[in-house]
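Here's the structure we're looking at; comments come further down.
Quick note: the coordinates plus some simple rules give every number you see, no bench work behind them. Fair warning: this is a prediction, and the values are worked out from it, not measured in the lab. Glycine also receives a Cβ, built like all others from the backbone with ideal geometry; neighbour counts cover every protein chain displayed.
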C-alpha cells in the first residue's frame, strides 16, 4: 500500500508540467495533481493514512502555482493599460515645449532664437549665478540672478557674451552656482526642447523625440511643459 504523497514526487510533477506546458495551462497541472492525489487516497494504507495537515500543505502548493499565474496575468494587463495611457498623454505633448534634465542652450544664427533654460533648487538661495560655456568649455557669460526660490524656474539668456558681442550660432552648456549664506544649495539643470514625435517599444516604453540634437526622454523626465 502507498503512503502519503512524497514531496519529491509532487515537485517532479510540478517541474514536469511547467516544463512541458505554457504557464497558461496551470489547469492541466491542477488536474494532474488531483488525479495523483485521488489515486493516493484510494490506495493509502488504512493503518497509516495521510495526515490532514500534509494534504492541506500539498493542496496549498498547487493553489500557489495557480495564484501566481493569475497574479502575473493581472499585472501584465495593468502594465499594458498604464503604457497605453502614457502613450496617449505623450501624444498630446507633440508640438509643445518642455523642460527635461540637461544643461544645453541652443543659439540660432546671428545670436537670435536662443532657447530658454531651467533649473530647480531644493531650497531657497540668496545668491544664484549661471555660468554659460561654449563648445570648448570656455566661460562666455556669467548671469547673476540674485535671490531665487525653491522649485523649478525658467530663465532666458540675452545671447551676449562677456565681451558684449553676440554669441555665435551653436550649442552652449550652463552650470548653476547657488548659495544660501555660505552654504551651497543643490540644483538640477534642465534643457528646453520641443516634442516632435512619440515612440513606444517593449524595451524602452514611451519616449519623447526632441529632435536630433537631444536624446529621446521618458515621459517621467519632463519637469515642466511650457
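If the chain between residue 139 and residue 64 were fully stretched, how many nm would it gain, using 0.36 nm times the residue separation less the Cα-Cα distance?
Extra length from residue 139 to residue 64 when fully extended: 20.7 nm.
Assuming R0 = 35 Å, what is the FRET efficiency of residue 72 and residue 215, from their Cβ-Cβ distance, to the nearest 0.05? Intermediate values should be presented prior to the final figure.
Details: r = 33 Å, r/R0 = 0.94.
The pair residue 72/residue 215 has a calculated efficiency of 0.60.
Compute the orientation-averaged projected area for the range 97-192 from the convex hull of its Cα atoms and round it to one decimal in nm².
6.0
To check my understanding: the extent here is largest minus smallest coordinate of the Cα atoms along each principal axis. What are those three numbers for the range 182-226, in Å, largest first?
Projected onto the principal axes, the Cα atoms of the range 182-226 cover 47, 21, 18 Å.
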